[in-house]
């Protein structure tokens, strides 16, 4: 798949894909005989992984670190696992914060619904 196809598939700009390759957040592009990027399934998996991680707020540095460990081979499996566990714990903390915010907003919405009902009731009472 060419870079434009990958860009469209994952809703990532071509510039972002090139940047990710340059900083090593994804493996280097494979090139076809004309020098154009030509992604295979493994490349697309790395793009999908990096996008997923970025979408949830994981830093580009952590993604680069993970890829570097991966390239070093099986002797880094425990390091990679630990990195993923840390990221999962960070994400759970963010989810907890988001849930508390959702709960607070829901409380506010209910409060304003009650105020609106009270206001409508007062208007009706004043009309009579």
Build a GNM of the chain with springs between Cα atoms under 10 Å: which of 48, 87, 99 gets the top mean-square fluctuation? 99
Starting at 0 and stepping by 5 Å, how many percent of the alpha carbon pairs of the chain end up in each bin? 2, 9, 14, 15, 11, 9, 8, 6, 5, 5, 4, 4, 3, 2, 1, 1, 0
In nm, give the distance between the simple-model label positions of residue 15 and residue 122, each being 7 Å from the Cα along the Cα-to-Cβ direction. 5.2
Of all C-alpha pairs within segment 76-128, those more than 18 angstrom apart amount in percent to 62
Label-point separation (nm) for residue 75 and residue 41, each offset 7 Å from Cα along Cα-to-Cβ? 3.0
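Every number in this text was worked out from the coordinates using simple rules, so none of it is lab data. All of these numbers come straight from a predicted model, not from anything done at the bench. All Cβ positions, glycine included, derive from the backbone under ideal geometry; neighbour counts span all protein chains shown.
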